[in-house]
1. What number of residues within region 328-341 satisfy the criterion of being in a strand (DSSP E or B) and under 14 Å from G373 (Cα atoms)?
2. Yes or no: region 719-726 includes at least one residue that is over 25 Å from A464 (Cα atoms), surrounded by fewer than 21 Cβ atoms within 10 Å (Cβ to Cβ), at pLDDT 85 or above and within 19 Å of the chain's Cα centre (by Cα).
3. If you go through region 272-297, how many residues are in contact with a Phe, Trp or Tyr (Cβ under 6 Å, 6 or more places away or on another chain) and either open to solvent by 30 Å² or more (accessible area, probe 1.4 Å) or modelled with pLDDT of 75 or more (or both)?
4. Can you work out which of the residues in region 570-579 that are on the phi > 0 side of the Ramachandran plot and either touching a helix residue (DSSP H, G or I) at 6+ places or on another chain (Cβ under 9 Å) or hydrophobic (A, V, I, L, M, F, W, C) (or both) is least open to solvent (accessible area, probe 1.4 Å)?
5. Please verify whether region 478-486 includes one or more residues that are closer than 30 Å to S542 by Cβ, out of contact with any Asp or Glu (no Cβ under 6 Å at 6 or more places or on another chain) and part of a loop (DSSP other than H, G, I, E, B).
6. Run down G232, G247 and say which single residue is more than 18 Å from V448 (Cβ to Cβ), open to solvent by less than 70 Å² (accessible area, probe 1.4 Å), at pLDDT below 80 and part of a helix (DSSP H, G or I).
7. Taking the criterion of being free of Cβ contacts under 8 Å to residues at least 40 places away in the same chain, surrounded by fewer than 19 Cβ atoms within 10 Å (Cβ to Cβ), farther than 18 Å from L491 by Cβ and out of contact with any His (no Cβ under 9 Å at 6 or more places or on another chain), would at least one residue in region 732-745 satisfy it?
8. Condition check: open to solvent by less than 50 Å² (accessible area, probe 1.4 Å), outside any helix (DSSP H, G or I) and at pLDDT 70 or above. Does G409 satisfy that?
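The values are calculated or read from the model by the stated rules, or taken from the named source; none is laboratory data. Note that the coordinates shown come from a computational prediction; the quantities given were computed from them, not determined experimentally. Here the Cβ positions follow ideal geometry from the backbone for every residue, glycine too, while neighbour counts run over all protein chains shown. SASA here: full protein model, heavy atoms, side chains in, ligands and nucleic acids out. Shrake-Rupley method; radii C 1.70, N 1.55, O 1.52, S 1.80 Å.
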Amino acid sequence: MSKTCFHCGQNIDAELIIFDEKEFCCNGCKSVFQILNSHHLEKFYELNKKSGVRPAAKDPSDFQYLDTQEIFDAVIEFSDDDLGTSSVTFKIPVIHCTSCIWLLESLKNIHSSILYSQVNFTRKNVSITFRHKELPLSELALLLTNLGYKPVINLETSEKKDVQIDRSLLMKLAIAGFAFGNGMFFSFPEYFGGDDIWLDKYKWVFRGLMLLLSLPVVIYSASGYYKSAWYGLKNKIINIDVPIVIGILVLFSRSLYEIITDYGAGYFDTLCGLLFFMLLGKMFQQRTYSALSYDRDYKSFYPIAVTKIVSADVQENIMLKDLQIGDRILIRNQEIIPADCVLINGDARIDNSFITGESRAISKQAGDRIFAGGKQTGGLLELEIIKPIDQSYLTRLWNKDIFKKEETGLDSITNTISKYFTISILGIAVIAGIYWYGISQEKMFQVVSAILIVACPCALALSAPFTMGHIMRILGKQKFYVKDTLVVERLAKADVIIFDKTGTLTEAASASIVYKGEEISVFDIQNIKSLLQHSNHPLSRSLYQYISIENGYYPVENFEEISGKGFSANLRGVRYAIGSYSYVASDVGVKEQHNLNETAVYVSKEGKVIGKYVFRSKFREGMEDISSRLATYEIHILSGDTEGDQEVLQKLFPAATLSFRKSPEDKLSYVKNLQEQGKNCIMIGDGLNDAGALKQSNVGIAVADDTHTFTPASDVIMAGESLGILPKILGLSKKSIRIVKTTFVISLLYNVVGLAVAISGNMEPLFAAIIMPVSSISVVAFTSLSTHYFGRKIFRKVI
């Protein structure tokens, strides 16, 4: 059984560090433990064992730019030089439990210059007040990083956008709640007053107050339902809000008629209560999922600042928005290219996987053009800006009109059924009205009112949102975050799944390495590993980590390197060459066929190619049998990459259609062509190169190894680790439709019985108003129990 780290709980795969009789996976976790112990914060581990976050090993210079005054002013929320205090809010995506909250709110115990800190768990933010003269902002960010809580600082977070809250919905809910509570209070005398003379004398006062309370509810709080019903009718669709509006108006009109004619007290309290609970459901859904951003902006991908070269000896950090054409900037390893530029100096190895889907780092030479959005994976680069940010390739790709799609929300299962429901109820009411008109006009009005009240589709309106809302909560626990309830319905209807390859089916940061060639002796392997230490190329570093043999350092002679191609040297009297096929072959005078579609590092010894190390994409866990578990779906795999992984993909997805070298526009067109054939498509991707296809598809799922970092606009944000349980997720979405249909049957049975009694003239409108919410409560209870049962059954754990 593998050992786990005392701090972060992750498996200890590499080195085992023992300190204070505890086991740690790295020096970072051990250091955090020491910091917490030295400041008497051991309670962190009592609150939630092994809940720490493994610190990232980063250079302290990462945050130096935050001390530049302009950048400091952009990030800080409040600063007072006289008091020497400032306040800042950092976004920290890795906050995940009570221990995280407790530790971050105990920062003042770790550093005396921190005065106060408070966590907003829903938004993954921490607000910190500190003495900026004693603790620079860069050191505060570094302190958080060393604790494992690295803040996300980019162009989007620096803009300090106010959180958008739908205040109109909040106001509607407050008015409906106030009217409901007070309306119930004023209606008590009608229900329980009996023959009390005083209550009978002042009943007009109570009824008048209930009428006044209901007016703002009917006029303002219900206005959203009126607009939705009108929008549906304009589009020639009878959505669920049409019969709801009819029910509201009939209930209000009947109540108004009763108090004017002194026939009864009306049903204002029932009307206010129904609207209150429907608005409450909307508010709950809105607030629960406001923490995740599904419509991402390209600014969350860009850094907040860059290093500008002022002169040969002077550099300065400037805001990204201040970059001008002609400026020269420095880009370090793992940094994003912020604008289209030309390479002036440096060994450029650009990873464009997020933009184009190409998984291999591309070598660039001085004078070559580099597009915005690429990531440098080598040494220091000097670049010259040739286009402003808002005209760069990345920004133009993001803002393309063909990558945008309008959604009406008129295709839900509820709206489909409500069309027939509304027509049927109105037809029954007309027929019953005609029948009773010839018998008694007063009875006719009573029967028609009872029919329209008892058949108000509140149970229908609540069944789908409550069912889908519970499903969204269950899926959220599986790190599958759905934008809204309509997405769950579209998931259940899908019959085609389209996967992007790079970063979706594969792990973007990992690759498997396979050696092919002659058997290599221990002597040669030791020499090769020693030689690899002299190269800063990403493939050389990966290969150095892959070769696990223990050896000392062997001196190198006659070292030669061609940037981006390869290098050669003499070690212990033997000449070796390591690099691309073209470099190694030319070095030894060999010209043979090789696979252009694979990423490989070739090795030669004394003028002879002895083998190659092939770098293959590492596919995510759970991909081995996912094809068989998705047998009912038509599978397509699109990639902007070459055919290098075609053989592996054919084994993993034998029935899938594979397409390579696809541009972003090609992917969008591919999805559109499938939809024109009547297919309902799910597109699963991770990069901006997938943005158009994600928007065009019926359901766009953005895969992210960190669900709070940059992902394209989408309907779903899905953690990469959850891709293996996709069949279970789709199975649960289909179960949700079955649950909704079952609730419709329950509601239909209730309506059939209620309508039969109402048509016969044996149901008073008062009784109809009382049993109407009973059906809604029964539907809500059924959906809650059913979704909980299926959630536990499918995912085999407590939901």
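1. Within region 328-341, residues that are in a strand (DSSP E or B) and under 14 Å from G373 (Cα atoms) number 3.
2. Within region 719-726, one or more residues are over 25 Å from A464 (Cα atoms), surrounded by fewer than 21 Cβ atoms within 10 Å (Cβ to Cβ), at pLDDT 85 or above and within 19 Å of the chain's Cα centre (by Cα).
3. Looking only at that region, the number is 3.
4. Taking the candidates together, the pick is G579.
5. Yes, that holds for at least one residue.
6. Answer to the check: G232.
7. yes
8. no
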